[in-house]
Amino acid sequence: MNTLDLANHGPVIPVIVINKVEDAVPMAEALLEGGIKVLEVTLRTPVALQAMEAIAKAVPDAIVGAGTVRSIKDAQACKDVGCQFAVSPGYTSQLGLAAREIGLPLLPGVSTGSEIMQANADDYYFLKLFPAVAVGGINLLKGFSGPFGDVKFCPTGGVTVESAPQFLALPNVVVCGGTWLTPADAVASKNWAHITKLAREASAIKAA
């Protein structure tokens, strides 16, 4: 799989934090019902790997990826539980080359021109701008479009359902990452219908 293909499945990739393994499958099913197929489950909790494995086995229509992948060890662990892609908060050549070696498509995180150049040197041209809003958001992406006209981005971090259309209107943005699709209170109360509603809204987002 080419990570750029992820953008073909909708305008938003949810960035998901799972604290309880039993929430993983119903959450994934709720997102899928709302039209969201690509799921980024972050490695920010002790149960993240178990949650990814549960989704990969029980929800075959979902494209499960791992977020917050920071090391070769992380990448291998995610590959072993059935993840189909990985997303990193930053970029090192060590991680980029190792991910390619084990056959795990990587969406590398960048926030500066130097990081983009390093990723390009390793043949990565679809990148995550992170944390998007904090590092300059739309204005930074406009600035990058000149010197990096052949690079496509997935801005993540601070993007909202309201601002996503403005990001998607940029020629170098093909998809956005969003944390708003799985709010902690909805997950805690197992309000899967609300998550499906948010997923439907996200699926319907159009570039402004």
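Numerical summary
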{"quantity": "Ala51 being modelled with pLDDT of 95 or more, open to solvent by less than 20 Å² (accessible area, probe 1.4 Å), touching an Asp or Glu at 6+ places or on another chain (Cβ under 8 Å) and not in a strand (DSSP E or B)", "calculated": "yes"}
{"quantity": "Answer from Gly136, Gly103, Gly82, Gly143 - the residue that is at positive phi and in contact with a Gly (Cβ under 8 Å, 6 or more places away or on another chain)", "calculated": "Gly136"}
{"quantity": "Val41 vs. criteria modelled with pLDDT of 95 or more, part of a strand (DSSP E or B), among the aliphatic types (A, V, I, L, M) and out of contact with any Leu (no Cβ under 7 Å at 6 or more places or on another chain)", "calculated": "yes"}
{"quantity": "Condition met for Ala208 (in a helix (DSSP H, G or I) and either under 24 Å from Gly10 (Cβ atoms) or open to solvent by 60 Å² or more (accessible area, probe 1.4 Å) (or both))", "calculated": "no"}
{"quantity": "Residue identified as basic (Lys, Arg), in contact (Cβ under 8 Å) with a residue 12 or more places away in the chain and not in a strand (DSSP E or B) among Lys128, Lys73, Lys57", "calculated": "Lys57"}
{"quantity": "Per-region count, the range 111-140, residues among the hydroxyl-bearing types (Ser, Thr, Tyr) and more than 16 Å from the chain's Cα centre (by Cα)", "calculated": "2"}
{"quantity": "Total residues in the range 90-121, condition farther than 19 Å from Asp150 by Cβ and either modelled with pLDDT under 95 or surrounded by 19 or more Cβ atoms within 10 Å (Cβ to Cβ) (or both)", "calculated": "3"}
{"quantity": "Residues located in the range 82-120, provided they are part of a helix (DSSP H, G or I) and either in contact with a helix residue (DSSP H, G or I) (Cβ under 6 Å, 6 or more places away or on another chain) or among the hydroxyl-bearing types (Ser, Thr, Tyr) (or both)", "calculated": "Ser93, Ala98, Ala99, Ser114"}
{"quantity": "Residue that is nearest to Ala204 (Cα to Cα), among those in the range 1-20 that are surrounded by fewer than 17 Cβ atoms within 10 Å (Cβ to Cβ) and more than 13 Å from the chain's Cα centre (by Cα)", "calculated": "Asn8"}
{"quantity": "Subset tally (residues that are farther than 14 Å from Leu39 by Cα and out of contact with any Gly (no Cβ under 9 Å at 6 or more places or on another chain)) for the range 63-79", "calculated": "8"}
{"quantity": "Scope the range 145-186; condition open to solvent by less than 20 Å² (accessible area, probe 1.4 Å) and either in a helix (DSSP H, G or I) or in contact with a Cys (Cβ under 6 Å, 6 or more places away or on another chain) (or both); matching residues", "calculated": "Pro155, Val159, Ala164, Phe167, Val175, Gly177, Ala186"}
{"quantity": "Single residue of the range 21-37 satisfying the filter (more than 10 Å from Ile195 (Cβ to Cβ) and not in a helix (DSSP H, G or I)) that is most open to solvent (accessible area, probe 1.4 Å)", "calculated": "Lys37"}
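The values are calculated or read from the model by the stated rules, or taken from the named source; none is laboratory data. Because the structure is predicted, anything quoted here is derived from the model rather than measured. Because the Cβ atoms are built from the backbone with ideal geometry, glycine has one as well, and the counts that use them run over all protein chains shown. We work out accessible area using only protein heavy atoms, side chains counted, and drop any ligands, DNA or RNA first. Shrake-Rupley method; radii C 1.70, N 1.55, O 1.52, S 1.80 Å.
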